[in-house]
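A quick write-up on the structure given underneath.
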Amino acid sequence: MNEKVTTTIDPDLCVGCGQCVRVCPSGTLSMRDGKAQVTGDRSLNCGHCQAICPVGAITVSAIDEAMSQFVNFRTDKNWLGYGDFDTSQLVRLMASRRSCRNFQAAPVDRSVLEDLVKIGCTAPSGTNCQLWTFTILPTREAVMALGKGILNFYVKLNAMARNRLLRLFLKSIGKPELDSYYRQYYANVRKGLEDFSRTGVDLLFHGAPAVIVVACKKQATLPKEDALLASQNILLAAHSMGLGSCLIGMAAEPMKRDPKLQIVIGVPNDEKVYAVIALGYPDENYQQQAGRKQAAIRYFES
Ligand SMILES: Cc1cc2nc3c(=O)[nH]c(=O)nc-3n(C[C@H](O)[C@H](O)[C@H](O)COP(=O)(O)O)c2cc1C
Ligand code: SF4
């Protein structure tokens, strides 16, 4: 909302239909003498005015054309109208995406990872701030460098959680987190750490050859929501491009708690990590969709 206006309107092209004014969420444009004009000094730079103008009179220079250009597929840039898509295919894609726990070692081309980031950025963001960041770990070595930091975090956490007196003391002063961690995760994490040191089996990233870490600048309006919406786009697109994906909360949570872990992969302190996405070609195939548990739906009508 606080951005400088980057919209320009060609008065010779404008036919005065007023549609840009109607869709502008920040009141940046007005009709004057039968033509649209930029009259505000602040803008979301969302591009709605440019997208709706029937005569191409509007340019929003904050919008980077390169973000709509992809290397691995061609896409129609014309707007898909409301209802002009096969919902059954959309739902089939959504319901077929699975969290992949078995990846092939084959690397993922950087252009594929960059296309995924651009697809992520088609998500909505609070006040259109788009302050998300995407740190690509494109090799198994890079993934394991992050993995080592995460494993050390859990070694220390498990050492603390093993200490019964410490758990009880923290609980007694209103900090039950270590005790709940002990009850819910300690044993599995200990087994994961032991397996990794004994056999090298990677239960954290499931052997993924690439990772995208989705973070957001702290000054974003709604950083967590923005990062997670972009992440969901990436997961769906990965499936459509033949890749398996898995959100790794077991890596994201330590990164939220220990700022040193994000510095290791070059994410600065003015950003917060919200998602770690393991990516790679899948070494698993399903026979059918998995389905879902019953949802809690309620109505309020009054
Ligand atoms: C926030 C979040 C964190 C997750 N963390 C992990 C994780 O650390 N390791 C893992 O193997 N799966 C993780 N998952 C995957 C879930 O287990 C998975 O989404 C769930 O079992 C449903 O399966 P599906 O994704 O195939 O539909 C995570 C999912 C979410 C949404
Ligand atoms: S949408 Fe285009 S033609 Fe219509 S008023 Fe705005 S600038 Fe003019």
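The values are calculated or read from the model by the stated rules, or taken from the named source; none is laboratory data. Keep in mind that what you see is a predicted model, and the values were worked out from it rather than measured. Neighbour counts are summed over all protein chains in view; Cβ atoms, including those assigned to glycine, are modelled from backbone coordinates with ideal geometry. Only protein heavy atoms, including side chains, enter the accessible area calculation; ligands, DNA and RNA are left aside. Shrake-Rupley method; radii C 1.70, N 1.55, O 1.52, S 1.80 Å.
What the table shows:
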| read-out | value |
| --- | --- |
| Checklist (1) under 19 Å from Arg140 (Cβ atoms); (2) in contact with a Gly (Cβ under 9 Å, 6 or more places away or on another chain) applied to Val213, failing item | (2) |
| Qualifying residue in the stretch 191-198 (condition: out of contact with any helix residue (DSSP H, G or I) (no Cβ under 6 Å at 6 or more places or on another chain) and in contact (Cβ under 8 Å) with a residue 60 or more places away in the chain) | no |
| Some residue of the stretch 90-106 being touching a residue at least 40 places away in the same chain (Cβ under 8 Å) and over 22 Å from Tyr281 (Cα atoms) | no |
| For Glu114: the one exception among (1) assigned to a helix (DSSP H, G or I); (2) free of Cβ contacts under 8 Å to residues at least 12 places away in the same chain | (2) |
| Among the residues listed as Pro209, Pro223, the single one being open to solvent by less than 40 Å² (accessible area, probe 1.4 Å) and touching a helix residue (DSSP H, G or I) at 6+ places or on another chain (Cβ under 7 Å) | Pro209 |
| Residue in the stretch 262-275 that is assigned by TED's automatic domain parsing to the domain that holds Cys121, in contact (Cβ under 8 Å) with a residue 40 or more places away in the chain and within 11 Å of ligand 1 (Cβ to nearest atom) present | yes |
| Checklist (1) touching a Lys or Arg at 6+ places or on another chain (Cβ under 8 Å); (2) open to solvent by 70 Å² or more (accessible area, probe 1.4 Å); (3) within 30 Å of Thr75 (Cβ to Cβ) applied to Leu229, failing item | (1) |
| Restricting the stretch 12-54 to residues that are among the charged types (D, E, K, R) and either surrounded by 16 or more Cβ atoms within 10 Å (Cβ to Cβ) or under 21 Å from Leu80 (Cβ atoms) (or both), the residue that is nearest to ligand 1 (Cβ to nearest atom) | Arg22 |
| Residues of the stretch 159-178 classified as under 16 Å from Arg257 (Cβ atoms), open to solvent by 80 Å² or more (accessible area, probe 1.4 Å) and assigned to a helix (DSSP H, G or I), total | 2 |
| Elements of type strands (runs of 3 or more DSSP E) in the stretch 18-83, at least 2 residues being among the small types (Gly, Ala, Ser) and more than 10 Å from ligand 2 (Cβ to nearest atom) | none |
| Per-region count, the stretch 235-262, residues part of a helix (DSSP H, G or I) and within 27 Å of Val189 (Cα to Cα) | 14 |
| Matching residues in the stretch 143-193 - criterion: being among the polar types (S, T, N, Q) and within 26 Å of the chain's Cα centre (by Cα) | Asn152 |
| Residues of the stretch 249-281 satisfying the condition of being more than 17 Å from the chain's Cα centre (by Cα) and open to solvent by 40 Å² or more (accessible area, probe 1.4 Å) | Arg257, Pro259, Lys260, Ile263, Val264, Gly266, Pro268, Asn269, Asp270, Tyr281 |
